[in-house]
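Chemist: What follows is a structure written as structure tokens; I'll ask about it next.
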Amino acid sequence: MNGRLPWFAISMLVLGYLFLYSPILSLIFYSFNESRLVTVWGGFSTKWYGALMQNDALLSGAWLSVQIAFLTACVAVVLGTLAAFALIRFGNFRGRTLFAGMVTAPLVMPEVITGLSLLLLFVAMEAVLGGPGRGMMTIVIAHATFATAYVTVVVQSRLGQLDMSLEEAAMDLGARPFKVVRVIILPLIWPAMLAGWLLAFTLSFDDLVIATFTSGPGAKTLPMEVFSSVRMGVSPQINALATIFIVVVTTMVVIANQVAFRRRA
Amino acid sequence: MRSPAKSFSAVVRRLNQPGAAGRLTALAIPYGWLALFFLLPLLIVVKISLSESVMGIPPYEPILRFAEDAKVQIHLTFSNFGLLLRDNLYVVAYLNSVKIAAISTLISVVIGYSMAYGIARSPLRWRYLLLMLIIIPFWTSFLIRIYAMIGFLKDNGLINNVLMALGVIDQPIAIMYTPTAVYIGIIYSYLPFMVLPIYAALERMDPSLLEAAGDLGAKPWKAFLRVTLPLSMPGVVAGSLLVFIPAVGEFVIPELLGGLGSPMIGKVLWAEFFSNRDWPVASAVAVAMLALLVVPVMMFDRFASRYFRGRS
């Protein structure tokens, strides 16, 4: 699709990007504000970044969130890649419809339902099996369950594009299925697995609602800390934290796109 | 009917094919995980929504009870659902959630379609940057973006300051803690989910179709209505489902941006669970929400599986 852009499309683009970015940009701007009042400019200062580094609650929340997100991403990549394989390569096996439904439904399931239902499961499991105790591990299980759906989508679309004749050729030449997976398929799909890993990490790092339901005493993730502090009111420290977050995400997205762009070119 | 021995030997034969055991494991692991951590929890929610609530840990009565003469009694109660229908609070929150989600989805379609169309029609060297600017908010923390919205909408926030500086208004307009703030928050948060699928649909379109329409004498707007729009409908449907379904159950946005005037069902569920500690009623609210979403979720499922199969 090329040709001249109608004025309507141009103005909608400008307005749309203004809408998406002005709240974020003003948040970044006020994170360098000397004044405690978030909307009154009191001169340039980085003191809120210093205060953030002293905030033990936020720092330990961030560390817990990183650990949870890392484990979640690893579990979700394994489960999601296997699920994508089953859906793309195993044909019409019995129970495929239920499986496909269970894989995609978590993508759109409201978080409050996922959170509530998993908590009720964990409570029932504690009553019957005596564990797992609620805390970091239950959050990881909950996050991995919905993150798997995202990984499956990403890996599935890559697997669907692969040329099956490569695998057939390797099989004809006598390669065992496991070797085909290791030598042919994995090298071709690892960028999709990496993208899925990053997506799962981000989703887990970001989640407030499901973590609040499935967490136990003492396990407070970064979003849970941020949420309770935002409920108390706006604070310049949260502006500083948000700025760091946005800078990290933007850098990663730019690098990832550069890498993807080079590979394609 | 096949005899058990025959089907057993069929299973053995299949397992002896190269890679069959590997395939079985590859399927069993994610299948088992999802059955245990996705399907079973939903069944437990349905079960608890039919239990009576009591004070205690856990705060509900078991459905199966062992009576003295070794009989199993089943106790089911629909009183939790009766409460949802009787108490106006739940009905209002339910209808309000549907209304807010539907209107937000419609507005997102209009804004999202125009943006996706603009990106798809822009010169190649711009398209890369414009797309990345859609993807960055998509990866940025949801909570932080809602927090940014507070700074944007509040009485001494950016919107009011700009409007007052321009002389459009001389007193701040109260947007925070109104239903308007909830609409803005939902559209702001979910807009990338609308733009990306519509853009993907527009990008896949064959440009020669539009040339053909033009050669046959169709005016640009007519070519848009009869060629571009129908071909991009899958993107519009996918985007709408990706916005509507989570928006119905949204908790964080009405909690942080909305006031008491815009109850939403996700907030009600949260309050029942965390403040009232009434697990059966919270479960009944969840079941009622699922009943509302079952059709859109199944639509999304069919849509997604057809989409990925079509590409394979």
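Chemist: Among the residues of segment B:272-289 satisfying the criterion of being free of Cβ contacts under 8 Å to residues at least 12 places away in the same chain and either hydroxyl-bearing (Ser, Thr, Tyr) or more than 11 Å from every other protein chain (Cβ to nearest Cβ) (or both), which is surrounded by the fewest Cβ atoms within 10 Å (Cβ to Cβ)?
Modeler: Filtering segment B:272-289 for residues that are free of Cβ contacts under 8 Å to residues at least 12 places away in the same chain and either hydroxyl-bearing (Ser, Thr, Tyr) or more than 11 Å from every other protein chain (Cβ to nearest Cβ) (or both), the one surrounded by the fewest Cβ atoms within 10 Å (Cβ to Cβ) comes out as B:Ser275.
Chemist: Then there's this: For B:Ile144, all conditions in the list (1) in contact with a Leu (Cβ under 6 Å, 6 or more places away or on another chain); (2) crowded, with 17+ Cβ neighbours inside 10 Å hold save one; what is the number of the exception?
Modeler: Among (1) in contact with a Leu (Cβ under 6 Å, 6 or more places away or on another chain); (2) crowded, with 17+ Cβ neighbours inside 10 Å, B:Ile144 violates only (1).
Chemist: Any idea which of B:Asp170, B:Asp206, B:Asp215 is among the charged types (D, E, K, R), out of contact with any strand residue (DSSP E or B) (no Cβ under 7 Å at 6 or more places or on another chain) and closer than 28 Å to B:Ile135 by Cα?
Modeler: Being among the charged types (D, E, K, R), out of contact with any strand residue (DSSP E or B) (no Cβ under 7 Å at 6 or more places or on another chain) and closer than 28 Å to B:Ile135 by Cα holds for just one of B:Asp170, B:Asp206, B:Asp215, which is B:Asp206.
Chemist: Right, A:Ser45: of a type in the set (Ser, Thr, Tyr) and modelled with pLDDT of 90 or more or not?
Modeler: no
Chemist: Restricting the search to segment B:243-261, which residues are in a loop (DSSP other than H, G, I, E, B), in contact (Cβ under 8 Å) with a residue 24 or more places away in the chain and crowded, with 22+ Cβ neighbours inside 10 Å?
Modeler: Listed by number, the residues that qualify are B:Gly249, B:Glu250, B:Leu257, B:Gly258.
Chemist: Among A:Phe85, A:Phe70, A:Phe90, which is within 19 Å of A:Leu198 (Cβ to Cβ) and aromatic (Phe, Trp, Tyr)?
Modeler: The match here is A:Phe70.
Chemist: Quick one: would you say A:Thr212 is part of a helix (DSSP H, G or I) and at the interface with chain B (Cβ under 10 Å from one of its Cβ atoms)?
Modeler: Answer is yes for this residue.
Chemist: Suppose the filter is hydrophobic (A, V, I, L, M, F, W, C), surrounded by 13 or more Cβ atoms within 10 Å (Cβ to Cβ), in a helix (DSSP H, G or I) and within 24 Å of the chain's Cα centre (by Cα); does A:Leu98 pass it?
Modeler: Spelling it out, it is not the case that A:Leu98 is hydrophobic (A, V, I, L, M, F, W, C), surrounded by 13 or more Cβ atoms within 10 Å (Cβ to Cβ), in a helix (DSSP H, G or I) and within 24 Å of the chain's Cα centre (by Cα).
Chemist: Still on this structure: Check segment A:166-175 and report whether any residue there is surrounded by fewer than 17 Cβ atoms within 10 Å (Cβ to Cβ) and facing chain B (nearest Cβ under 9 Å).
Modeler: There is at least one residue in segment A:166-175 that is surrounded by fewer than 17 Cβ atoms within 10 Å (Cβ to Cβ) and facing chain B (nearest Cβ under 9 Å).
Chemist: Okay, next question. Of all residues in segment B:290-302 being at pLDDT 85 or above and surrounded by fewer than 16 Cβ atoms within 10 Å (Cβ to Cβ), which is nearest to B:Tyr94 (Cα to Cα)?
Modeler: Among those residues, the one meeting the criterion is B:Ala291.
Chemist: How many residues are more than 18 Å from A:Tyr21 (Cα to Cα) and touching a residue at least 40 places away in the same chain (Cβ under 8 Å) when one looks only at segment B:129-173?
Modeler: So the answer is 0.
Chemist: In addition: Hey, could you check segment B:21-50 for residues that are in contact (Cβ under 8 Å) with a residue 12 or more places away in the chain and touching a Phe, Trp or Tyr at 6+ places or on another chain (Cβ under 8 Å) and say which is surrounded by the most Cβ atoms within 10 Å (Cβ to Cβ)?
Modeler: Across segment B:21-50, the extreme among qualifying residues is B:Ile48.
Chemist: Is it the case that A:Thr104 is within 30 Å of B:Ala282 (Cβ to Cβ), part of a helix (DSSP H, G or I) and within 7 Å of chain B (Cβ to nearest Cβ)?
Modeler: Yes, satisfied.
Chemist: Being modelled with pLDDT of 90 or more, β-branched (Val, Ile, Thr) and surrounded by fewer than 22 Cβ atoms within 10 Å (Cβ to Cβ) is true for just one of A:Ile113, A:Ile141. Which residue is that?
Modeler: A:Ile141
The values are calculated or read from the model by the stated rules, or taken from the named source; none is laboratory data. The model shown is predicted, which means the values in this text are computed figures rather than measured ones. Every residue, glycine as well, gets a Cβ built from its backbone with ideal geometry; the counts of neighbours run over all protein chains shown.
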